[in-house]
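Okay, so here's the structure we're looking at.
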Amino acid sequence: MLLVSSADSPLETVAVQEVLEQVLQHGFAVRTSSEPTAGGSGLILELREGRDSNMAILRRASDTAIIAFERQAPATLPAVTPPATPRTAAAAPVVQTTAPKVAAPIVVVETRNISDLPGPVPLPGHPRSLAFLMETAGHGLELALQNDSGVQRYHLRNNVLQPLGAYTTASNAIRGLYLESGDPDNDGQRELAAVWADDLQGIYEGTDSQLRTTILETAPQGFAASTGPQAFMRLIDNKGLVQNRGTYTLYNGPVRSLNAADQGWEAGGQPVTWAHSNLFDITPLDDSTALQWTADKQLRLVALDSGLPLPGGTLLYDLGEFVGPRIAVPLETPEYRSGLSKEDMVRETWSTLPPRISVASDGTAYTIRRERSMGLPLVGKPSGQDHLIALHWNGQRLMVTDPFPGMEAFILDFALVEREGHVKSALLLLNKKPDGNGEAYLQLVSMENNGL
């Protein structure tokens with residue numbers, strides 16, 4: 001976008017600064033009439049000190065277009081003169097700092113009461129996923145955390161974690177993807193399906209993420225492991241679903257049921273008709289409706305039998321840029337970025353899974369809204385809050401509410417805790433970085449923290 005202003009220095013005027021912030025939020029790169037085209041490559045970070053504000057401007061060197069902008073009011077002290085007569089002391093000026101303005105939506109969240117919220121519990125390593133197992137009166141909440149090397153059981157009571165035992169993988173080269181909890185064999189005991197990626201790499205063959213899946217049941221020393229299909233897997237309440245990964249595609253073949261067998265677990269013979277060709281595309285809410293991810297990563301309500309959208313079920317709501325578990329799939333025909341050498345060849349494509357959707361007993365669905373950002377390179381700091389949101393269908397339209405407080409960290413995963421058929425609290429797996437490679441924390445949040 002070309003921003004034209006009659007001012008001699010457009011970026012020094014408050015009106016132009018406000019317009020610049022708005023258009024950057026909608027994804028535009030901005031040039032002003034006073035800035036010539038420079039050419040070249042890379043980025044230019046320009047720092048300006050003005051009378052009313054200090055500015056950090058990030059430009060593309062090729063055309064000097066502004067791609068990010070941040071302004072900050074200077075912290076100056078007013079001149080002090082002795083008063084002729086005693087006066088009431090003037091209040092100190094308040095210095096306000098605006099968050100970095102990048103291509104992201106503005107979402108207004110009402111104030112939440114979080115005074116009773118217990119502090120987060122630090123977690124060792126880099127957990128990738130979280131699952132809730134049970135709640136007992138004597139020991140509190142029982143949960144499991146998955147990382148690259150295995151799955152660890154814990155009791156959480158009075159905001160203290162007690163390890164109960166672990167399952168350790170046989171390989172140190174795999175990468176944790178996600179953890180599912182459910183009861184697919186209807187025996188009253190919850191099983192865990194842990195899925196890892198084995199990233200096979202060749203010098204000139206690219207990366208191929210093969211799936212490694214283990215089904216776990218709780219045991220006195222941690223877990224008892226069973227074999228199952230080496231495929232994508234979901235446990236939704238009392239149903240298990242599996243789908244293979246393709247040689248050159250993320251998914252191959254239909255979605256099938258997960259059935260218990262004499263020597264472990266196996267995929268059923270008949271396809272699950274409502275799941276279509278993508279295991280993570282649709283999440284059933286009941287016997288007739290489901291939530292479906294659209295091509296632009298939004299959610300809508302569809303009929304479970306036909307997959308057709310329901311009137312009023314389209315959710316015009318931005319859930320943010322959530323980067324979930326990543327899977328590398330080889331390209332059947334390699335592509336070239338530039339040049340024709342082997343080093344210029346692109347041999348795989350990386351796909352990400354969407355954030356978890358969990359459905360409570362009352363049919364309310366919960367998922368993650370990513371509003372937290374790492375900020376600008378070099379000068380920016382993490383800002384914003386991630387939220388665990390609820391989606392309700394009132395018979396006429398799909399609605400969104402914020403039943404839990406926002407988090408000053410990135411929510412990687414969550415698990416619902418229900419009592420008597422109602423969600424009372426949730427376990428959140430938090431991290432200081434969106435890819436899960438920062439400091440990790442476990443946070444228990446409850447409906448009571450919000451006065452609901």
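Values in this text are rule-based calculations from the coordinates and carry no lab data. What you see is a predicted model, and the numbers here were worked out from it, not measured in a lab. Note that each Cβ is placed from the backbone with ideal geometry, even for glycine, and that neighbours are counted across all protein chains shown.
May I have the convex hull volume per residue, in Å³, for the Cα set of the stretch 216-315? It would help to have the intermediate numbers written out before the result.
On the way: hull volume 14.0 nm³, N = 100.
Convex hull volume per residue, Cα atoms: 140 Å³.
Computed FRET efficiency, Cβ-Cβ of residue 259 and residue 201, R0 30 Å: what is it to the nearest 0.05?
Details: r = 34 Å, r/R0 = 1.14.
Here the calculated transfer efficiency is 0.30.
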Overall Cα dimensions of the stretch 121-450 - principal axes, largest extent first, Å: 63, 52, 48
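Counting other Cβ atoms within 10 Å, which chymotrypsin sites (Phe, Trp or Tyr not before Pro) in the stretch 171-275 have at most 14 and lie in a DSSP loop?
On the way: sites: 178, 196, 204, 223, 232, 248, 251, 265, 274; in loops: 204, 248, 251.
Passing both the DSSP loop test and the Cβ count: 204, 248.
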Do any chymotrypsin sites (Phe, Trp or Tyr not before Pro) in the stretch 276-337 lie in a loop, going by DSSP, with at most 16 other beta-carbon atoms within 10 Å of their beta carbon, and if so which? 317
Sort 419-428, 157-166 by packing, meaning the average of other beta carbons within 10 Å per residue, with the highest value first. 419-428, 157-166
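Quick one: net charge around residue 296, please, counting Lys, Arg +1 and Asp, Glu -1 for every other residue with C-beta under 13 Å from its C-beta.
Working: positive: 297, 300; negative: 318, 321.
Residues near residue 296 contribute 0 overall.
Is there a quick way to get the dipole size of the stretch 121-450? I mean about its Cα centre, with the Cβ of Lys and Arg at +1 and of Asp and Glu at -1; what is the value in debye to the nearest 20? List each step's numbers first, then the result.
On the way: 26 positive and 39 negative charges, 129 e Å.
That gives a dipole near 620 debye.
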